Amino acid sequence: MAKLVSTTYSEAIFDVALEMGCLDDIQREFGFFTKTLEEYPEYFEIIKSPKINIAEKKQVIQETFDNQISQTLLNFLKIIIDKKRGSDILEIKKDFDRRVDLHHNVVKATVESVVPLSEEQLKTLQAKLNGMTGKKVEIVTLVKPELLGGVLVKMGDQIIDGSVKFKLEGMLEGLTQIII
């Protein structure tokens with residue numbers, strides 16, 4: 001049910017933002033709003049709580065964000081509050097970001113390595129991933145010492161495991177089958 005809710009609402013704000021020509025602005029503002037909810041969980045609790053009436057929630061959002069986000073996004077957030085979907089805002093934002101990335105032909109990749117990759121290594125990897133996907137790949141890097149060496153790339157549902165740990169586990173599996 002939550003997936004249906006996030007899909008429906010994210011599609012609505014995406015379509016409105018696209019039609020108005022303010023897709024990137026809405027994404028930036030929506031990001032600011034959700035980051036605020038994550039940084040101030042007590043504020044998010046106000047939005048999610050069924051104990052606080054809808055008019056008060058809408059007034060809090062209006063007073064807090066009036067000069068910081070567009071009226072379009074404020075109205076959208078008020079609709080979410082009206083429909084008692086405040087607890088779904090973070091999932092709606094995540095689905096909205098996915099739609100924007102798809103629209104801009106962008107795919108996000110997480111690259112895990114034992115040590116930080118150099119700028120040259122990142123550019124080379126990004127060029128290869130761009131060619132492989134036919135899309136612009138945005139890379140987020142994570143340092144994971146448990147990989148022992150190599151890299152692990154995650155793009156959506158796809159995983160490219162070039163880590164030493166993976167290769168050693170494969171060798172161990174092969175040796176185990178030989179011994180048995």
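The values are calculated or read from the model by the stated rules, or taken from the named source; none is laboratory data. From a predicted model like this one, the values you see are computed outputs, not experimental measurements. Glycine also receives a Cβ, built like all others from the backbone with ideal geometry; neighbour counts cover every protein chain displayed.
Is segment 97-115 home to any residue that is without any contact (Cβ under 8 Å) to a residue 40 or more places away in the chain, under 30 Å from residue 132 (Cα atoms), in contact with a strand residue (DSSP E or B) (Cβ under 6 Å, 6 or more places away or on another chain) and not polar (S, T, N, Q)?
Looking for residues that are without any contact (Cβ under 8 Å) to a residue 40 or more places away in the chain, under 30 Å from residue 132 (Cα atoms), in contact with a strand residue (DSSP E or B) (Cβ under 6 Å, 6 or more places away or on another chain) and not polar (S, T, N, Q), one finds at least one in segment 97-115, hence yes.
Do we have residue 75 as over 21 Å from the mean Cα position of the chain (by Cα) and of a type outside the set (A, V, I, L, M) here?
yes
Give the residues of segment 123-153 that are hydrophobic (A, V, I, L, M, F, W, C), part of a helix (DSSP H, G or I) and at pLDDT 90 or above, sorted by residue number.
Hit for segment 123-153 is 127, nothing else.
Inspect segment 112-135 for any residue being within 23 Å of residue 17 (Cα to Cα) and surrounded by 12 or more Cβ atoms within 10 Å (Cβ to Cβ) and give the result as yes or no.
Yes, segment 112-135 has at least one match.
Could you go through segment 112-120 and let me know if any residue there is more than 24 Å from the chain's Cα centre (by Cα), over 30 Å from residue 35 (Cα atoms) and at pLDDT 85 or above.
Checked against the condition, which is being more than 24 Å from the chain's Cα centre (by Cα), over 30 Å from residue 35 (Cα atoms) and at pLDDT 85 or above, segment 112-120 yields at least one hit.
Inside segment 1-23, can you point out the residues that are more than 15 Å from residue 91 (Cα to Cα), surrounded by fewer than 13 Cβ atoms within 10 Å (Cβ to Cβ) and of a type outside the set (D, E, K, R)?
Hits for segment 1-23 are 20, 21.
Which of (1) within 25 Å of residue 14 (Cα to Cα); (2) not assigned by TED's automatic domain parsing to the domain that holds residue 14 is the odd one out, the single condition residue 98 does not satisfy?
Here residue 98 meets the rest and fails (2).
For segment 130-159, name all the residues that are in contact with a Phe, Trp or Tyr (Cβ under 9 Å, 6 or more places away or on another chain) and touching a residue at least 40 places away in the same chain (Cβ under 8 Å).
Answer for segment 130-159, where residues must be in contact with a Phe, Trp or Tyr (Cβ under 9 Å, 6 or more places away or on another chain) and touching a residue at least 40 places away in the same chain (Cβ under 8 Å): just 152.
On the given criteria, is residue 39 assigned by TED's automatic domain parsing to the domain that holds residue 145 and without any contact (Cβ under 8 Å) to a residue 60 or more places away in the chain?
Against the criterion (assigned by TED's automatic domain parsing to the domain that holds residue 145 and without any contact (Cβ under 8 Å) to a residue 60 or more places away in the chain), residue 39 does not qualify.
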